[in-house]
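Below you'll find the structure, written out as structure tokens, and then a few comments.
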Amino acid sequence: MNREERRGFVARHRTAIFGYNRRQDGPAMSVVYYVVDGDDILVSTMAARGKAKAVQRNQKVALCVLDEQWPLTYLQVYGDAKVETDHDANVDLAMRIAGVMAGQPMPEEVRPMIAEGVRSENRVVLRLTPYATFETPPRHVYSADDLNENLVHDLGTSLPW
């Protein structure tokens, strides 16, 4: 994929695996919905969750963006993240995420209910600023006929965002 195709892939999809370093043990991963905001990627989470705490310790995170179709295709995005606590920005993001989940924008009538949820759950915005992607060209087997000398796996490539 070229740069525009990679950015388009991220913009067209809605779910990802959010990866971050835990204080102890190995890395952690969590399934998240996300939205694109200019060059940044936004994720909503609770301030008390591991994702927010990890970002405060170490801004380096990864998103494995999934296409939700089989055979599965994905694109890994590396970024620097920060936590944002502005209530209005959190409500705006929660409205957008709810729209992504529902497949259509949320009507303004639900904003007060979403705002109350953001407040009661102490939600924060994780703003990821990507700096690199990692792609592995997919190779799929659809039938036994696909298992031949032409089915080769290439190494992945790290590319600038």
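The values are calculated or read from the model by the stated rules, or taken from the named source; none is laboratory data. Note that this is a predicted model, so its numbers are computed, not measured. We place every Cβ from the backbone using ideal geometry, glycine too, and count neighbours over all the protein chains shown.
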Quiz item: Are any residues in the stretch 25-61 over 28 Å from residue 8 (Cβ atoms), buried (at least 21 other Cβ atoms within 10 Å of the Cβ) and in contact (Cβ under 8 Å) with a residue 60 or more places away in the chain, and if so, which ones?
Solution: 52
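Which one of 6, 22 is farther than 21 Å from residue 136 by Cα and touching a strand residue (DSSP E or B) at 6+ places or on another chain (Cβ under 7 Å)?
Going through 6, 22 in turn, the sole match is 22.
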Quiz item: Out of (1) modelled with pLDDT of 95 or more; (2) within 30 Å of residue 140 (Cα to Cα); (3) not basic (Lys, Arg), the odd one out for residue 69 is which?
Solution: (1)
Quiz item: Any idea how many residues of the stretch 89-140 are hydroxyl-bearing (Ser, Thr, Tyr), surrounded by 12 or more Cβ atoms within 10 Å (Cβ to Cβ) and not in a strand (DSSP E or B)?
Solution: 1
Quiz item: With respect to the numbered conditions (1) out of contact with any Ser or Thr (no Cβ under 8 Å at 6 or more places or on another chain); (2) in contact (Cβ under 8 Å) with a residue 40 or more places away in the chain; (3) aliphatic (A, V, I, L, M), which one is the sole condition not fulfilled by residue 125?
Solution: (1)
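Residue-wise test of (1) under 17 Å from residue 12 (Cα atoms); (2) touching a strand residue (DSSP E or B) at 6+ places or on another chain (Cβ under 9 Å).
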site	(1), (2)
63	yes, yes
70	yes, no
79	no, yes
82	no, yes
108	no, no
149	no, no
152	no, no
160	no, yes
Quiz item: Mind checking which pairs have a first residue in the stretch 8-23 that is among the aromatic types (Phe, Trp, Tyr) and a second that is part of a loop (DSSP other than H, G, I, E, B), Cβ under 7 Å, 6 or more apart or different chains?
Solution: 9/1; 20/27
Practice problem: Sort out which residues of the stretch 123-144 are more than 23 Å from residue 62 (Cα to Cα) and either among the β-branched types (Val, Ile, Thr) or modelled with pLDDT of 95 or more (or both), and write them in order of number. | Solution: 141
Self-check item: the stretch 44-82: number of residues that are within 17 Å of residue 1 (Cβ to Cβ) and among the hydroxyl-bearing types (Ser, Thr, Tyr)
Solution: 3
Quiz item: Which condition breaks for residue 115 when tested against (1) within 28 Å of residue 9 (Cβ to Cβ); (2) more than 19 Å from the chain's Cα centre (by Cα)?
Solution: (1)
